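Engineer: My structure is below; once you've seen it, I'll send some questions.
The values are calculated or read from the model by the stated rules, or taken from the named source; none is laboratory data. Small disclaimer: the values here were computed from a predicted structure and weren't measured. Methodologically, a virtual Cβ is constructed for each residue, glycine included, from the backbone with ideal geometry; neighbour enumeration extends over all protein chains shown.
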Amino acid sequence: MRDFSSGFSRPFPPFRRPLAHQPRLDRLSSPLKHSWLSAVRTLGALSSLDPKDVGLENFGSHKPYFPRQIKSLSKVSLAQAAVTDVNSGTPVGEIPSWRELIAWYERNLPDERKTGVRIVHGDYKLDNLVFHPTENRVIGILDWELCTLGSPVRACRFKPACLTVCH
């Protein structure tokens, strides 16, 4: 157990959940399936908007999105690696294989000149969506504080396993 007590009343164990559990559309009930499909359609619609067409051409950086993300996440990872474990008194260290992962991403970045700049939500997930009270469709997107301009390819990370459909 790590001591995360700054800001909390007591230490608590690290959050654990199965990493491989993703819903599959072919196994969902029809209403839930339609909600997922609406979420994907909404993301597609958002990713297709040209920022110029909605007055957001100066909203964020037009520099390549993925290198910006790698730089930001690397800063966070380095800061986290320096945190001292309360039990051992030593730094917790880097995430295993972090450098290899970043090197792989840097070698395999998509060519953003081909996709253009689009609006990137930054935290697109089901609990940031507002669904119609009686229909299985998205009527709003919440929590825009992480949004920026960037690559529409980034949206592809939205739970792709849920889109696996057996024929």
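Engineer: Starting from the stretch 141-154, keep only residues that are assigned to a helix (DSSP H, G or I), then list their pairs with residues that are not small (Gly, Ala, Ser) whose Cβ atoms are within a distance under 6 Å, requiring at least 6 positions of separation or different chains.
Structural biologist: Matching pairs, first to second residue: 152/115; 152/118; 153/110; 153/115; 154/120.
Engineer: Considering only residues that are touching a residue at least 40 places away in the same chain (Cβ under 8 Å) and within 18 Å of residue 50 (Cα to Cα), look in the stretch 108-121 and name the one that is surrounded by the fewest Cβ atoms within 10 Å (Cβ to Cβ). Steps first, answer last, please.
Structural biologist: Within the stretch 108-121, the first condition is being touching a residue at least 40 places away in the same chain (Cβ under 8 Å), and the residues that meet it are 109-110, 112, 116-121.
From what's left, within 18 Å of residue 50 (Cα to Cα): 112, 116-121.
Values: 112: 20, 116: 12, 117: 23, 118: 21, 119: 22, 120: 22, 121: 22.
Going through the qualifying residues, I end up with 116.
Engineer: Also: Is one or more of the residues making up the stretch 59-74 of a type in the set (A, V, I, L, M) and outside the structural domain of residue 154 (by TED's automatic domain parsing)? Please lay out each step first, then the result.
Structural biologist: Restricting attention to the stretch 59-74, the residues satisfying the condition of being of a type in the set (A, V, I, L, M) are 70, 73.
Remaining after also requiring outside the structural domain of residue 154 (by TED's automatic domain parsing): 70, 73.
The answer is yes, given that some residue of the stretch 59-74 is of a type in the set (A, V, I, L, M) and outside the structural domain of residue 154 (by TED's automatic domain parsing).
Engineer: For the stretch 134-155, enumerate the residues that are of a type in the set (A, V, I, L, M) and farther than 28 Å from residue 109 by Cα. Let's see the steps before the verdict.
Structural biologist: Quick first cut of the stretch 134-155, residues of a type in the set (A, V, I, L, M) only: 138-139, 141-142, 146, 149, 153, 155.
Once the filter is applied, which keeps residues that are of a type in the set (A, V, I, L, M) and farther than 28 Å from residue 109 by Cα, the stretch 134-155 yields 138, 139, 142.
Engineer: Sticking with this structure for a sec: Can you say whether residue 93 is modelled with pLDDT of 90 or more and surrounded by fewer than 12 Cβ atoms within 10 Å (Cβ to Cβ), as far as the supplied structure shows?
Structural biologist: Numbers: modelled with pLDDT of 90 or more: yes; surrounded by fewer than 12 Cβ atoms within 10 Å (Cβ to Cβ): no.
Considered against the rule, which asks whether it is modelled with pLDDT of 90 or more and surrounded by fewer than 12 Cβ atoms within 10 Å (Cβ to Cβ), residue 93 comes out as no.
Engineer: Here is a follow-up. For the stretch 1-48, which positions are assigned to a loop (DSSP other than H, G, I, E, B) and either modelled with pLDDT of 90 or more or charged (D, E, K, R) (or both)? Break it down stepwise before answering.
Structural biologist: Of all residues in the stretch 1-48, those assigned to a loop (DSSP other than H, G, I, E, B) come to 1-24, 28-29.
Across the stretch 1-48, the qualifying residues are 2, 3, 10, 16, 17, 24.
Engineer: For the stretch 81-107, name all the residues that are hydrophobic (A, V, I, L, M, F, W, C) and either without any contact (Cβ under 8 Å) to a residue 24 or more places away in the chain or not in a loop (DSSP other than H, G, I, E, B) (or both). Break it down stepwise before answering.
Structural biologist: We begin by selecting, within the stretch 81-107, every residue hydrophobic (A, V, I, L, M, F, W, C); these are 81-83, 86, 92, 95, 98, 101-104.
81, 82, 83, 92, 95, 98, 101, 102, 103, 104 - these are the residues of the stretch 81-107 that are hydrophobic (A, V, I, L, M, F, W, C) and either without any contact (Cβ under 8 Å) to a residue 24 or more places away in the chain or not in a loop (DSSP other than H, G, I, E, B) (or both).
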